[in-house]
Amino acid sequence: MKALYGCCTAVACMMMFGLLCEGQQSAAPPPTGARAAVAARPGRSQEPDISADRHVTFRLSAPQATSVVLSGSEFLKGTLPLTKDANGIWSATVGPLAPAIYDYNFTIDGVKTIDPGNYAVKFGSTAGTIESLLDVPGDGPRFFDVQHVPHGEIRTEWYDSKSLNQIRQMTIYTPPGYDASGKTKYPVLYLFHGANADETAWTRLGHVSQILDNLLAAGKMKPFIAVMPFGYPAPPSIPVVRPSVPSTGAPRGGGGFSQTSEEFSKDLLGDVIPYVQTHFRVYTDRDHRAIAGLSMGGDESLTIGLNHLDQFSYVGGFSAAISTATFATDFAAIKADPKAANKQLHLLWIGCGTEDGLFATSQSFSKFLDDAQIKYTFFKIPGVHSWIVWQQFLNEFAPQLFRAN
């Protein structure tokens, strides 16, 4: 999740692109290689152009622009200026890139915005999260691709949050065969998004259903239900957003994220979990309940989970935006009685990309757990603060759930 930046509204962007980018599709050469098969499908964008060896060419028709710059944190170190040809077409080539889904933006004469030639767009609960998406295919199916396997279902549920006095929404994944499985009960993973996102982020960007479907079909995990609530206590129109990579030295004072986390915790424990237990066939004991999240949601999952081990036996934090200054108070309960915590925890799992701005924080938390004599798994891979990393974390974390049952 990136820090907020100023951008034009969606309507203003489209008006601007209508002026700058007229004729872009006809001006650009046809796609080649792996991208050609994708572009040939009806309704699919032809930009950017992905070659057979996974070099990617970005193009933009903007004859009147004086500067166009490409940004993409997962595949660029910094930014890359595009070059303008005689026809007013700007272009730049990068790669080869590993098969993955990347996000990127153009900055046109100082205005950062999406790629008008690409229909695939990332968005969240705030305008600052809007970015274009680049899907670089592999030679075969990736672990998060739709495959020829039985598929689960994504459901949208509205519920009355009495703790927040709101009608709220959650997204729920049910595994293949749930409706036909009669009286079968399932374990539950409560899975949280990060800052500036919403309850649909894990389905739209995390590919949670594809990852879990593929793991189930391969016999690598037990079937469970995944519940993805909205991680803020108030709608995005209310300014409760915090940076996704905070200063790790400053304490979270009153009225800041600590208050946000406390209110969300009340909603989760008092409204979300009871709703799920009433409307879905799930186990209601702690041994069949897991909690995990990314970035801001990683802070929520660790803070809530480790302070409510009577409710959760599996706890995971993906690139968790926790604060080193408050470890001793946030996790006082497990530090005070590590033997009890270790007995209750079937799994405490933390992960972070080694190039992530929060990696040092994860290392500090690892040391805190070592000093407190708490058993845990620390999983680290190359990567930044991105969905490329969090998809891999879910793929690694999910097979370890509910094995003790």
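Leaving out same-chain residues fewer than 8 places away, which lysines sit with a Cα under 19 Å from that of Lys343?
Within the straight-line limit of under 19 Å, Lys343 reaches these lysines: Lys335, Lys375.
Calculate the tail of P(r) for region 162-211: the fraction of all Cα-Cα distances greater than 16 Å, expressed in %.
Details: 671 of 1225 pairs.
When every Cα pair of region 162-211 is considered, 55 percent fall beyond 16 Å.
Please state the shape class of region 291-405: rounded when a/c is under 1.5, otherwise prolate if a/b exceeds b/c and oblate if not, all from the C-alpha gyration tensor. Don't skip to the answer; put the middle values down first.
Details: a/c = 1.85, a/b = 1.25, b/c = 1.48.
In terms of gyration-tensor shape, oblate.
Could you pull out every residue, at least 5 positions away or on a different chain, whose amide H is within less than 5 Å of the one on Gly383? Hs are placed 1.01 Å off N in the peptide plane, and Pro or chain starts have none.
Thr354, Glu355, Asp356
Give the ranking of Thr107, Thr361 by solvent-accessible surface, highest area first, calculated with a 1.4 Å probe. Walk me through the intermediate numbers first.
Working: Thr107 40, Thr361 5 Å².
The ranking, largest first, comes out as Thr107, Thr361.
How much net charge surrounds Thr171 when only the other residues with a Cβ under 10 Å from the Cβ of Thr171 are counted, with Lys and Arg +1 and Asp and Glu -1?
Result for the local shell: -1.
If I model a spin label at Ser364 and Asp179 as a point 7 Å from the Cα along the Cα→Cβ vector, what separation in nanometres do I get?
Rounded to a tenth, the inter-label distance reads 4.9 nm.
In whole angstrom, how far apart do the alpha carbon centroids of region 97-154 and region 47-62 sit?
14
Using 7 Å Cα-to-Cβ label points, what is the Ala98/Thr66 separation (nm, one decimal)?
It is 4.0 nm.
How about region 295-397: which GluC sites (Glu not before Pro) there are in a DSSP loop, with at most 16 other Cβ atoms within 10 Å of their Cβ?
Glu355
Rolling a 1.4 angstrom probe over the protein heavy atoms, how many square angstrom per residue are accessible across region 137-227?
On a per-residue basis, region 137-227 sits at 42 Å².
Express the C-alpha Rg of region 293-335 as a ratio against the empirical globular expectation 2.2 N^0.38 Å, rounded to two decimals.
Against the compact-globule rule of thumb, the ratio is 1.05.
Could you tell me the distance between the Cα centroids of region 331-405 and region 187-234, to the nearest Å?
Value for the Cα centre distance between the two parts: 18 Å.
Which ³J(HN,Hα) values in Hz, rounded to whole numbers, follow from the phi angles of region 361-378 under the Karplus curve 6.51 cos²θ - 1.76 cosθ + 1.60, where θ = phi - 60° and Gly and Pro get x?
5, 5, 5, 5, 5, 4, 5, 4, 5, 4, 5, 7, 6, 9, 7, 6, 10, 10
Shape call for region 129-186 from the C-alpha gyration tensor, a ≥ b ≥ c root eigenvalues: rounded (a/c under 1.5), prolate (a/b greater than b/c) or oblate? Please report the intermediate quantities before stating the final value.
Details: a/c = 4.59, a/b = 1.29, b/c = 3.56.
Oblate is the answer for region 129-186, as a/c is 1.5 or above yet b/c matches or exceeds a/b.
If you count, for each residue, the other Cβ atoms within 10 Å and average over each peptide, how do 193-206, 69-82, 156-169 line up from highest to lowest?
193-206, 69-82, 156-169
Excluding Thr66 itself, calculate the net charge of residues whose Cβ lies under 12 Å from the Cβ of Thr66, where each Lys or Arg counts +1 and each Asp or Glu counts -1.
Working: positive: Lys84; negative: Asp109.
Result for the local shell: 0.
Once the Cβ-Cβ distance between Asn405 and Phe378 is put in as r, and R0 is 22 Å, what FRET efficiency do you end up with, to the nearest 0.05?
The pair Asn405/Phe378 has a calculated efficiency of 0.40.
Just check region 275-350 against the gyration tensor rule for me: Cα atoms, a ≥ b ≥ c as the square roots of the eigenvalues, rounded for a/c under 1.5, and otherwise prolate or oblate depending on whether a/b exceeds b/c.
It comes out oblate by the Cα gyration axes.
Using a simple spin-label model with points 7 Å from Cα along the Cα→Cβ vector, what separation in nm is obtained for Gln311 and Ala340?
1.7
Taking a 1.4 Å probe, which of Ile101, Ile154 shows the most accessible area, and what order do the others take after it?
On the way: Ile101 35, Ile154 70 Å².
Largest accessible area first, the residues go Ile154, Ile101.
The values are calculated or read from the model by the stated rules, or taken from the named source; none is laboratory data. Source: prediction; values computed, not measured. A quick note on method: Cβ atoms are made from the backbone with ideal geometry, for glycine too, and the neighbour counts reach across all protein chains shown. Please note that ligands, DNA and RNA were not included when accessible areas were found on the heavy atoms of the full protein model with its side chains. Shrake-Rupley method; radii C 1.70, N 1.55, O 1.52, S 1.80 Å.
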